[in-house]
Amino acid sequence: MIDEFDRNLIDAIGKESILYPSVEILVENKVAVRDGRGIFIGSGCCLYPRNRIVLGDMGANKTAHFMLADRVMINSGCYLSGEGSLTMGDDVLIGPNTCILSAGHAFTDPDKVIQKQPITYGPVVIEKGAWIGASSVVLQGVTIGEGAIIGAGAVVPRTIPPFAVAVGNPARIIKFRKPGQGPEAISMFNKIVRFFLKKSILK
Ligand SMILES: CC(C)(COP(=O)(O)OP(=O)(O)OC[C@H]1O[C@@H](n2cnc3c(N)ncnc32)[C@H](O)[C@@H]1OP(=O)(O)O)[C@@H](O)C(=O)NCCC(=O)NCCS
């Protein structure tokens, strides 16, 4: 169920993948790109209604790329920015209304409006089998490890290790799904989040 307009923008799509007709792809100058970047969707994937894949100007921005492996399920209403590159592994599950942001805006010059400052990019990787809860926000440069879970409504500013369960804003690990990753690993991760948080508040 891909409409003609969207079909032309997708470089590859595997068998039995479904994109509902209301899925939008926002991209410019894609035809000029000949370096292997693009929109690649594996087999058995489903993008439910009103998802939006955002790549921006692929001619000007050399990082834009969007790749889903097999059996990725993306619930309705998500904003999926591949401007800084977005990759999802097999069997990833994304809850509705999630924002995955691989781009942002520099704001170093307080005398210049943010719109006129450079766009910043950072790849987002969601490894196989991870589950992102509804209405979460994943920020640029973040990797969500294999099999990790992000609770509904979380904001994820830092990489989450495999099989962790993280909730809240900023996302903190509350447990691991696999034995052998005890409280030491959790407290180390949460310390790192606090450290970066303090630094960004002091900026
Ligand atoms: C993250 C989640 C999977 C955790 O499930 P769980 O392991 O059963 O967790 P618990 O219910 O035992 O909660 C553990 C703690 O985390 C807190 N917590 C759980 N989910 C939370 C969330 N989304 N945000 C903030 N805190 C959360 C609980 O309040 C509890 O805190 P406490 O120990 O201080 O009481 C679940 O709560 C969740 O958010 N699921 C996402 C649902 C969703 O988005 N569905 C859409 C379909 S794709």
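The values are calculated or read from the model by the stated rules, or taken from the named source; none is laboratory data. The structure displayed is predicted, hence computed values, not measured ones. Cβ coordinates were reconstructed from backbone atoms using ideal geometry, including for glycine residues, and neighbour counts include every protein chain displayed.
Table for the structure above
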read-out: Given (1) within 15 Å of the ligand (Cβ to nearest atom); (2) more than 29 Å from Asp70 (Cβ to Cβ); (3) outside any strand (DSSP E or B), index of the condition Ile174 fails; value: (3)
read-out: Single residue of Pro161, Pro110 found to be touching a residue at least 12 places away in the same chain (Cβ under 8 Å) and more than 15 Å from the ligand (Cβ to nearest atom); value: Pro161
read-out: Residue list for the stretch 162-203, filter: at pLDDT 75 or above, out of contact with any strand residue (DSSP E or B) (no Cβ under 8 Å at 6 or more places or on another chain) and β-branched (Val, Ile, Thr); value: Ile192
read-out: Output for the stretch 66-87, where each listed residue is assigned to a strand (DSSP E or B), within 14 Å of the ligand (Cβ to nearest atom) and buried (at least 20 other Cβ atoms within 10 Å of the Cβ); value: Ile74
read-out: Residue count for the stretch 117-155, restricted to those that are within 16 Å of the ligand (Cβ to nearest atom), aliphatic (A, V, I, L, M), closer than 17 Å to Val72 by Cβ and surrounded by fewer than 21 Cβ atoms within 10 Å (Cβ to Cβ); value: 1
